[in-house]
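J.: Dropping a structure here in structure tokens format, bear with me for questions.
What follows is calculated from the coordinates using simple rules that are stated; it is not laboratory data. None of these values were measured; they are calculated from a predicted model. Heads up, the Cβs are rebuilt from the backbone with ideal geometry, glycines too, and the neighbour counts pull from every protein chain shown.
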Amino acid sequence: MQTAPDRATQRCDMTGDDAVERARACFLDDRRDLGCAETCLVVLRSAFELDGAADPSAAMALNGGIAYSGGMCGAISGAGIALGELAARRLPDRAVAKRVARGIVQHLIDGFEREFGAVDCRDLIGMELRAPGAHDAFLASGIWRDRCMHQVEFVVREMAALSDEAAWNQVLREIG
């Protein structure tokens, strides 16, 4: 049986729907190996054909709004890592790559907030994950299977399109 990251790296012209399918396979896996940030990172790295696509470790402390602090949704943070890597690979000028990566993530944050009404994990799930027993209660509640899964789906669907050169170039024109 394949591990969740292995399933995420099976790429063949990944569309938004492909990315969502792979994100669901990773995030909803019964082993619960990958949180929101890790799922978005491995799926988008795969979509963008980046090195280390199966390695979620760079995002493991970002779940729950960074170490369960309730801050920025981990799905956005994980996507931010992948987008930074993509911009660095595609744009040789580091200053330009940083500006583009920030612009793309700012656009993602704006769309995410319009869609879900908030960007902070605490507001999105209505729980304080650092409280004693809160993470276990969160898992038992199933919120992650529904609410968090929809947020992960939104992020990977929106960002996977950037694997296409035409979509990437369109974003570059929009950012300026």
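J.: Give the calculated FRET efficiency between ILE143 and HIS107 to the nearest 0.05, with a Förster radius of 22 Å applied to their Cβ-Cβ distance. Provide the component values of the computation, followed by the final result.
T.: Working: r = 26 Å, r/R0 = 1.20.
So the FRET efficiency works out to roughly 0.25.
J.: Something else about it: Can you give the angle from 0 to 90° between the axis of helix 149-160 and the longest principal axis of the chain, with both taken from C-alpha atoms, to the nearest 10?
T.: Once rounded, the angle reads 10 degrees.
J.: For a quick check: sort LEU108, LEU139 by the number of other beta carbons within 10 angstrom, fewest at the front.
T.: Values: LEU108 20, LEU139 12.
Least to most surrounded, the residues fall as LEU139, LEU108.
J.: So if each residue of separation counts as 0.36 nm, and I subtract the Cα-Cα distance between ARG31 and ARG89, what length gain in nm does that give? Walk me through the numbers before you get to the answer.
T.: Details: separation 58, 0.36 × 58 = 20.88 nm, distance 3.27 nm.
So the extension gain works out to 17.6 nm.
J.: Just to confirm the filter: which trypsin sites (Lys or Arg not before Pro) across region 26-83 are DSSP coil and have at most 15 other Cβ within 10 angstrom of their Cβ?
T.: Working: sites: ARG31, ARG32, ARG45; in loops: ARG31, ARG32.
Qualifying residues, ordered by number: ARG31, ARG32.
J.: Another question, if that's okay. Report the residue, chosen from LEU83, LEU28, LEU44, that carries the largest GNM mean-square fluctuation when the chain is represented by alpha-carbon nodes joined by springs under 10 Å.
T.: LEU28
J.: Turning to a different aspect of this structure: Compute the acute angle (0 to 90°) between the alpha-carbon long axis of helix 165-175 and the principal axis of greatest extent of the alpha-carbon atoms of the chain; round to the nearest 10°.
T.: Value to nearest ten degrees: 90.
J.: Another question, if that's okay. At 7 Å along the Cα-to-beta-carbon direction for both ALA54 and PHE116, put a label point, then send me their distance in nm to one decimal.
T.: 2.8 nm
J.: Hand me the GluC sites (Glu not before Pro) from region 74-176 located in a DSSP loop with no more than 15 other Cβ atoms within 10 Å, in residue order please. Mind dumping the intermediate values first?
T.: Values: sites: GLU85, GLU113, GLU115, GLU128, GLU153, GLU158, GLU165, GLU174; in loops: GLU128.
When the GluC sites (Glu not before Pro) of region 74-176 are filtered for loop state and at most 15 Cβ neighbours within 10 Å, GLU128 remain.
J.: Now for a different question. Amide H neighbours of MET72 under 5 Å, at least 5 residues apart or on other chains, H built in the peptide plane: list them.
T.: Amide H neighbours of MET72, under 5 Å, 5+ apart: CYS121.
J.: Take the alpha carbon atoms of region 71-92, find their center, do the same for region 100-125, and report the distance between the two centers in whole angstrom.
T.: Using only Cα atoms, the two centres lie 13 Å from each other.
J.: Quick check: net charge around ALA87, other residues with Cβ under 12 Å of its Cβ, Lys/Arg +1 and Asp/Glu -1? If you can, show how the numbers build up before the last one.
T.: On the way: positive: ARG89, ARG90, ARG94, LYS98, ARG99, ARG102; negative: GLU85, ASP93.
Taking every Cβ under 12 Å from that of ALA87, the sum is +4.
J.: Let me ask you something else. Normalised by the number of residues in the chain, what is the relative contact order in percent for Cα pairs under 8 Å and 6+ residues apart? Working shown, then result.
T.: On the way: 267 pairs, mean separation 45.3, N = 176.
After rounding, I find 26 percent.
J.: Let me ask something else about it. What's the FRET efficiency of ALA67 with GLU165 using the Cβ-Cβ distance as r and R₀ = 45 Å, to the nearest 0.05? Could the numbers behind the result be given before it?
T.: Details: r = 36 Å, r/R0 = 0.80.
Efficiency at R0 = 45 Å is approximately 0.80.
J.: So how many Å³ per residue does the convex hull of the Cα atoms of the chain work out to?
T.: On the way: hull volume 18.3 nm³, N = 176.
So the per-residue Cα hull volume is 104 Å³.
J.: While we're on this one: Would you work out which of LEU34, GLN106, THR15 lies farthest towards the positive end of the dipole of the chain, given +1 charges on the beta-carbon of Lys and Arg and -1 on that of Asp and Glu, about the Cα centre?
T.: GLN106
J.: Please determine, in degrees from 0 to 90 and to the nearest 10, the orientation of helix 94-116 with respect to the longest principal axis defined by the Cα atoms of the chain, where the helix direction is its Cα long axis.
T.: Here the helix axis deviates by roughly 40 degrees.
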